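Beneath this line is the structure, given in structure tokens, with notes to follow.
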Amino acid sequence: MTESLQVRIHGTPDKPTLVYLPGLHGDWTLVGSFRRALGGRVRFVELTYPRTLTWSLDEYAGVIGDALVRGGITSGWLVAESFGSQVAWALTSGPKFKTEGLILAGGFGRHPAPWGVWLAERLTGKVTPTLLTRLIHLYARVARLRYRHAVEVLDGMKEFCARRTDLDRRAAQHRLKLILRNDPRTYARKTTAPVYALTGLVDPIVPWLPVRRWLKRNCPTLCAERVIWHADHTVLASAPEAAADQVLRWIVSAKTGQQ
């Protein structure tokens, strides 16, 4: 363990609580436009994972649950992005934090293409510090074009790039290993929280059609699915307004008992 979990809270306890579990990059640097699009209608809780090389998914969930409770957050919704979905399944079964609903944002159960995860893990392990620096600079240039209308994401890009250290690369490689080994069907089958799936139309990283089939087979509380046609794998960043609108609709519909 080289760091501690970071928690940042926006909003007041009188509003519904929505906890953001980040993807493989592990931090809150790309979620700014989604937070802005929520418009203060929820208490939004952001996390940044420690760059651990040893934690299991249960340990991720345990530390997150403890941190939320220490912050006075004992229940709420989870919006779990990509890798964050693997943490979320374990968190739904934790004894301290009560999950009121789970929204998978480019998330999944068992990854539909384990060979792709294996390849990504191997390639991540071979990235040298020099190549990592070049890749970060390339990504930053692409991101400025890709998120040119997402001011908050662009504002967070400097922090995003600064966090991409060699230790960060190794932590991402460890998370890929966790994905490769994980099959959360036991958690999915026993969760009592309503589950929703939100994806972008073009998602080569986590193909959404097999994800939906897995959810329908293994998650009895799956309530609704939505594909945003102009979004990609990072659906919260690539279509923040549409994603926020759908997330808020699901939260309200679950509260009123309407789907």
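For the stretch 26-56, a residue qualifies if it is of a type outside the set (K, R) and open to solvent by 20 Å² or more (accessible area, probe 1.4 Å), and the qualifying residues are W28, G39, G40, L53, T54, W55, S56. With respect to R134, determine if the residue is at pLDDT 65 or above and either out of contact with any strand residue (DSSP E or B) (no Cβ under 8 Å at 6 or more places or on another chain) or closer than 30 Å to C219 by Cα (or both). Yes, satisfied. So for the stretch 7-25 (the condition being of a type in the set (G, A, S), crowded, with 21+ Cβ neighbours inside 10 Å, touching a residue at least 24 places away in the same chain (Cβ under 8 Å) and within 27 Å of V227 (Cα to Cα)), does at least one residue qualify? So far as the stretch 7-25 goes, yes, one or more of its residues are of a type in the set (G, A, S), crowded, with 21+ Cβ neighbours inside 10 Å, touching a residue at least 24 places away in the same chain (Cβ under 8 Å) and within 27 Å of V227 (Cα to Cα). Does any residue of the stretch 155-162 turn out to be not aromatic (F, W, Y) and not in a helix (DSSP H, G or I)? Looking through the stretch 155-162, none of the residues is not aromatic (F, W, Y) and not in a helix (DSSP H, G or I).
Just to be sure I understand, how many residues within the stretch 92-110 are among the small types (G, A, S) and either open to solvent by 10 Å² or more (accessible area, probe 1.4 Å) or in contact with a His (Cβ under 7 Å, 6 or more places away or on another chain) (or both)?
The number of residues fulfilling the criteria is 3.
If you check G26, G94, G101, which single one turns out to be small (G, A, S) and over 16 Å from A193 (Cα atoms)? From the options G26, G94, G101, the qualifying one is G26.
Among residues of the stretch 193-205 being among the β-branched types (V, I, T) and farther than 14 Å from A88 by Cβ, the one that is nearest to the chain's Cα centre (by Cα) is T199.
Looking across W115, W89, one residue alone is modelled with pLDDT of 95 or more and open to solvent by 20 Å² or more (accessible area, probe 1.4 Å). It is W115. Applying a threshold of 7 Å to beta carbon distances and a minimum spacing of six or more residues, or different chains, the list of pairs starting in the stretch 228-256 at a residue that is within 13 Å of L18 (Cβ to Cβ) and in contact (Cβ under 8 Å) with a residue 24 or more places away in the chain and ending at one that is of a type outside the set (S, T, Y) and open to solvent by 20 Å² or more (accessible area, probe 1.4 Å) reads Q246/R226; L248/R41; W250/A224; I251/P16; A254/P194.
The values are calculated or read from the model by the stated rules, or taken from the named source; none is laboratory data. Just so you know, these numbers come straight off a predicted model, no measurement behind them. Cβ: placed from backbone, ideal geometry, glycine included. Neighbour counts: every protein chain shown. For accessibility, only protein heavy atoms count, side chains too; no ligands or nucleic acids. Shrake-Rupley method; radii C 1.70, N 1.55, O 1.52, S 1.80 Å.
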